[in-house]
Amino acid sequence: MRGSSEANRALTTRGNTGSGHHRVRGRRAGGFKRRRGPLMAAPLTAVPPSAPSAHAWLGRMRRRPPPPPPGSAMSERLGKPTCLIVASAAAAGVSAQSFLHCFTLTSSAFNLQVATPGGKSIDFVDVNESNMRWIQDFRMKSYANPAKLESIDGARYHALLIPNCPGAVTDLANSGYLAKILQHFSTENKPICAVGHGVAALCCATNEDKSWVFQGYSLTGPSVYELIRQPNFASLSIIVEDFVKDSGATFSASKPDAVHVVLDRHLVTGQNENSTLPAVQNLLMLCNVR
């Protein structure tokens, strides 16, 4: 019994004189004494900095905005209507300034999709110091790669926008794919906006009986006085003013380069590049009314 009690001493202490540290172990006759219950890890807490900067640290913590809820950016994107921007892929290109205004004005209200015939990249013309930086930044974005106009389903879009495109008279004015999209938009009374030379793109929208979809509408576009200043005037396949009048619609124009916009039902047209801003603003108002 005496030997057993000696074996069950509660603690033995060994000293390490070299390091100054001590180890304490509890033993029984049958082995080491173990503490009951699981080991609990101490919770991690944010430790503020030293006292002199504690108030600044607390102030920053209070000012820090709460994180956005998961999927909020996606929900915002899904909640926006969609707008299709149709641009020319012809060598005559697309006006840089008109495209810039079209894109920046509508980007906050719409999810945008740019489309060109064949999905070809846009050749911007009239690039200057005021828009060069924006055009360069735009080309670096993933959404700068146009979709193929041939694969576009007009039913997926709420609005259609055609900026000032000098090349529109070459490709868009004869596009059967754009004609189907315009026919759908006209039937559903969805907002359409075309600016400057982009108005020529509307000429492709003819019905099976060869009548024009926009027969009876009032609209504007480049006047003959504006077109005659172009070096390629003699080779233009379509003169918008003549086409509109011959197709049973009403054409109006102001002085060359003057701001002039016509709104008729769901169709907005601008006479020239200078009319881009008010034309797009009318498109936005139409979409807000719907």
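Brief remarks follow.
- Amide H within-cut-off set for Val125, under 5 Å, with H built and near neighbours excluded: Val94, Ser95, Ala96
- Whichever lysines have a C-alpha closer than 27 Å to that of Lys245, once near sequence neighbours (fewer than 8 apart) are set aside: Lys180, Lys190, Lys210, Lys255
- Linear extension gain, Met132 paired with Asn145, 0.36 nm per residue minus alpha-carbon span: 2.9 nm
- Those aspartates and glutamates that a straight Cα-Cα span of less than 13 Å connects to Lys120, excepting residues fewer than 8 apart in one chain: Glu150, Asp171
- Each residue of the range 179-194 was assigned a 3J(HN,Hα) from its phi angle through the Karplus expression (A = 6.51, B = -1.76, C = 1.60, θ = phi - 60°), giving 4, 5, 5, 5, 4, 5, 4, 5, 5, 8, 6, 7, x, 10, 9, 10 Hz with x at Gly and Pro.
- Alpha carbon centroid spacing (whole Å) that separates the range 241-290 from the range 181-213: 13 Å
- For the range 79-289, the spread of Cα positions along each principal axis, largest first, Å: 43, 38, 31
Laboratory data are not the source of any read-out in this text; all were calculated from the coordinates shown. Given the structure is predicted, the values throughout are model-derived calculations rather than measurements.
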